[in-house]
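Accompanying notes for the structure given below.
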Amino acid sequence: VQTTATYDAGKDCFVLDSPTAGAEKNWISQGATADKAVVIADLRVGGKSYGAHGFLMDFRKGGKLVDGIEVGDMGRKTVGNDLDNAWIRFKNVTVPKSALLRKYCDVVDGQYVAKKKGIRPIEMIGQRLFSGRIAVAQAAVTFAQQLVKMTQQYSDNKACWTPGGDAPLSNVPQLRGLYKVAHQRLSDVMSFLQTLELKLGECLQGSTIPPIELVEAIAVGKVKGVETAIDVCFQLKQEVGSYALMGDTGFEQMDFLQCCKFAEGDSRILMQKMARDRMRAFKKSGSGDPKEVELCGKLAAAMSARGEGAWDEEWQTVYELAGVVCDRVAGKWAPSARL
């Protein structure tokens, strides 16, 4: 988080600022219309950074942007143009002290105060990101399930010539096999996501921080859900011939899955974190799943010989490690599922 919220002791307020292009907020839904916003910014008090915090502020008044806020459209997309996506820049925007979401922290007499030991405000706010990851993955799987259903209805009724007489396109062996596998894979991953939803719901309702095991499983669920949907839809597109080129078949909307891939935590970034977390655990004990230990050892040896840059050079091994972690975690939460 590079947008800053600096406490001004003289005026007893906060000043929001996006000092660089990298600090701008991108792909913000309703950014072109919202009157209120919760802005995540790096809180700075007395010259010290206290990390990401939330600030509830007026975004527009009377339909006009608050002074210092700049907004632009991200540009025309291949899908989803009915939803506005904005970039947002803050240029020394003053907000009252009351804008800080203060359930777990405050600024008192010019000093930062943590109200509950061991709880960072962003951890509580971040739970909404966890629910978003599950919801996005479920949306991707639902899209794939509907595309498979629509395509199968078409191929069931599409007569194809054979030496023994016309037969439905669905009887083509590879297509028939794909339908069977697709239904099972999508059903299994949806069940996995529903389990995660129930467990996270218990935390949200009880105002408790999700355990690390659940946080990791949600990241795996996001990756597995979206990547399974992408894989199924791509395979289906290759097997139904020219039908996939036609409008109103659903295939023209497949870039929706691209949106799901980067929304609420890009799949690649989540996998990078899985791999880094596994490497940290490996350095402490060197034990665990044999394949994970093997890959961690390979990465550790590469970095020992060539420095930190070897992590990027060995990117295929990094993602292979993350994939193995995904399989282990998914297997624990959904042991009978085909994921």
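The values are calculated or read from the model by the stated rules, or taken from the named source; none is laboratory data. Note that the structure is predicted; figures quoted are calculated from it, not measured. Note: ideal-geometry Cβ built from the backbone for every residue, glycine included; neighbour counts use all protein chains shown. Side chains included, ligands, DNA and RNA excluded: accessible areas come from the protein's heavy atoms. Shrake-Rupley method; radii C 1.70, N 1.55, O 1.52, S 1.80 Å.
Report the residue count in the stretch 63-82 for those that are part of a strand (DSSP E or B) and in contact (Cβ under 8 Å) with a residue 40 or more places away in the chain. Let's see the steps before the verdict.
Applying the first criterion (part of a strand (DSSP E or B)) to the stretch 63-82 yields 64-65, 69-73.
Within this subset, residues satisfying the condition of being in contact (Cβ under 8 Å) with a residue 40 or more places away in the chain are 71, 73.
So the count comes out to 2.
Take the residues in the stretch 215-243 that are hydrophobic (A, V, I, L, M, F, W, C), touching a residue at least 24 places away in the same chain (Cβ under 8 Å) and surrounded by fewer than 20 Cβ atoms within 10 Å (Cβ to Cβ), then tell me which one is nearest to V79 (Cα to Cα). Working first, answer last.
Residues of the stretch 215-243 hydrophobic (A, V, I, L, M, F, W, C): 215, 217-220, 223, 226, 229-230, 232-234, 236, 240.
Narrowing the set further to residues that are touching a residue at least 24 places away in the same chain (Cβ under 8 Å) leaves 215, 217-220, 223, 226, 229-230, 232-233, 236, 240.
Next, only the ones that are surrounded by fewer than 20 Cβ atoms within 10 Å (Cβ to Cβ) stay: 215, 230.
Numbers: V215: 30, I230: 16 Å.
So, considering only residues that are hydrophobic (A, V, I, L, M, F, W, C), touching a residue at least 24 places away in the same chain (Cβ under 8 Å) and surrounded by fewer than 20 Cβ atoms within 10 Å (Cβ to Cβ), the one nearest to V79 (Cα to Cα) is I230.
Figure legend. Inter-residue proximity from the stretch 180-193: first residues touching a residue at least 12 places away in the same chain (Cβ under 8 Å), second residues charged (D, E, K, R) and part of a helix (DSSP H, G or I), beta-carbon distance below 8 Å, spacing 6+ or different chains. Indicated pairs: V189/K224; F192/K224.
Counting only residues that are out of contact with any helix residue (DSSP H, G or I) (no Cβ under 6 Å at 6 or more places or on another chain) and in contact (Cβ under 8 Å) with a residue 24 or more places away in the chain, how many does the stretch 269-289 have? Talk me through it step by step, then tell me what you get.
Narrowing the stretch 269-289 to residues out of contact with any helix residue (DSSP H, G or I) (no Cβ under 6 Å at 6 or more places or on another chain): 269, 272-273, 276-277, 280-281, 283-288.
This time we only want the ones that are in contact (Cβ under 8 Å) with a residue 24 or more places away in the chain, so: 272-273, 277.
Looking only at that region, the number is 3.
Whenever a residue of the stretch 138-152 is aromatic (F, W, Y), its partners that are in a helix (DSSP H, G or I) and open to solvent by 10 Å² or more (accessible area, probe 1.4 Å), lying with C-beta atoms within less than 9 angstrom and at least six residues away or across chains, give the pairs F143/Q253; F143/F256. The number of residues in the stretch 259-275 that are aromatic (F, W, Y) and modelled with pLDDT of 95 or more comes to 0. Looking at F256, is it surrounded by 14 or more Cβ atoms within 10 Å (Cβ to Cβ), within 30 Å of I122 (Cα to Cα), modelled with pLDDT under 95 and under 16 Å from the mean Cα position of the chain (by Cα)? In short, no.
When residues in the stretch 263-312 are screened for being hydrophobic (A, V, I, L, M, F, W, C) and under 20 Å from V223 (Cβ atoms), 12 of them pass. One residue alone among D73, D42 is open to solvent by 40 Å² or more (accessible area, probe 1.4 Å) and either at pLDDT 95 or above or touching a Phe, Trp or Tyr at 6+ places or on another chain (Cβ under 9 Å) (or both), and that residue is D73. The residues of the stretch 1-27 that are open to solvent by less than 60 Å² (accessible area, probe 1.4 Å) and within 24 Å of the chain's Cα centre (by Cα), listed by number, are T3, T4, S18, G22, A23, E24, K25. For G250, the test of being closer than 30 Å to F234 by Cβ, at pLDDT 95 or above, in contact with a helix residue (DSSP H, G or I) (Cβ under 9 Å, 6 or more places away or on another chain) and not hydrophobic (A, V, I, L, M, F, W, C) is passed.
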